[in-house]
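Nothing in this text is a laboratory measurement; each read-out follows from the coordinates by a stated rule. As the structure is a computational prediction, the values presented were derived from the model and not from experiment. Glycine gets a Cβ as well: all are built from the backbone with ideal geometry, and neighbour counts include every protein chain shown.
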Amino acid sequence: MMETPRVCIIGAGATGLVASKILHERNIPFECFEKGSGIGGLWRFNNDSGLSAAYKSLHINSSRNMMAFSDFKMPATYPDFPDHSDILAYYEDYVDEFGFRDQIRFRTAVQAVDPVDGHYRVTIDDGSSRPQETLFDHVIVANGHHWSPKTPEFNGPFNGRSFHSYDYKTHEGLEGKRVLVVGIGNSGCDISCEVSRVSAKTFLATRSGAHIIPKYLFGKPLD
């Protein structure tokens, strides 16, 4: 039986960092496990965790002031809609400002979480000889929702290159091609615009209609 309640946080992306900061400032013991070698999750371009879907041209689609944490503003020198490198730098400063980096275990993957008599047995792999097991009172899952791509299946043959937006990094290799982007979400719109500058023709397919609204209205961020 553990004397002091302990919390496990899975993932050091945006949500994992916020959870870590709150627990840290309230003196609640916790460990944050991050598969990669650095914080940031999605916003760490080419994250060595292998789980970031960020592409090189990625920018936020909510404005700087609206996305910032209430107790830690983004620098006024940032553009209205920062790119992934700005966001990562902001998160790095956030961790250092509130001082909980030493409670994040990097290069440590969570393999399993099993309930045991009102607690949770967390199995981790930190690259040592064998997986380790640690008992926690609570588990916060903050592993994101953009790391597991779902690729649709289409009937009929197709001899061209087919891949998910998760695997898109730059338009390299699509020059002069006829490109079909399936889906009118944020990444679909971004990639369509970017690819259209180099492709022979770009098509954006959507199941239903959608409204594309501008980022600015009367010279100010719309949100």
The set of residues whose placed amide H lies less than 5 Å from the amide H of residue 204, leaving out same-chain residues fewer than 5 positions away, is 181
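Could you give the dipole magnitude of the chain about its Cα centre, charging the beta-carbon of Lys and Arg +1 and that of Asp and Glu -1, in debye to the nearest 20? Show your work: numbers first, answer last.
Numbers: 23 positive and 27 negative charges, 204 e Å.
That gives a dipole near 980 debye.
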Here the percent of antiparallel bridges among DSSP beta bridges lying wholly in the chain, to the nearest 5, is 50 percent
Most fluctuating of 33, 106, 98 in the GNM of the chain (C-alpha, under 10 Å) is 98
Any residue on another chain or 5+ positions along whose placed amide H is under 5 Å from the amide H of residue 48 is listed here as 37
Filtered hits (lysines, Cα-Cα < 24 Å from residue 21, offset >= 8 within chain) -> 35, 73
Which of 172, 153, 25 fluctuates most in a GNM of the chain (C-alpha springs under 10 Å)? That residue is 153
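Under the definition of Cα pairs under 8 Å and six or more residues apart, what whole-number percent is the relative contact order of the chain? List each step's numbers first, then the result.
Details: 358 pairs, mean separation 44.4, N = 223.
Answer for the chain is 20 percent.
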Expressed in angstrom and ordered largest first, the alpha-carbon extents of the chain along the principal axes are 64, 48, 30
With Cα springs under 10 Å, the Gaussian network model of the chain assigns the largest mean-square fluctuation among 151, 202, 15 to 151
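For the chain, what does the helix formula give at 222 nm: sum of -39500 (n - 2.57) over DSSP H segments with n ≥ 4, over the residue count, nearest 500 deg cm²/dmol? Spell out each step's value before the answer.
On the way: 4 runs with 42 residues, N = 223.
One gets -5500 deg cm²/dmol as the mean residue ellipticity at 222 nm.
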If unit charges are put on Cβ atoms (+1 for Lys and Arg, -1 for Asp and Glu) and the dipole of segment 111-223 is taken about its Cα centre, the option from 119, 144, 164 lying farthest towards the positive end turns out to be 164
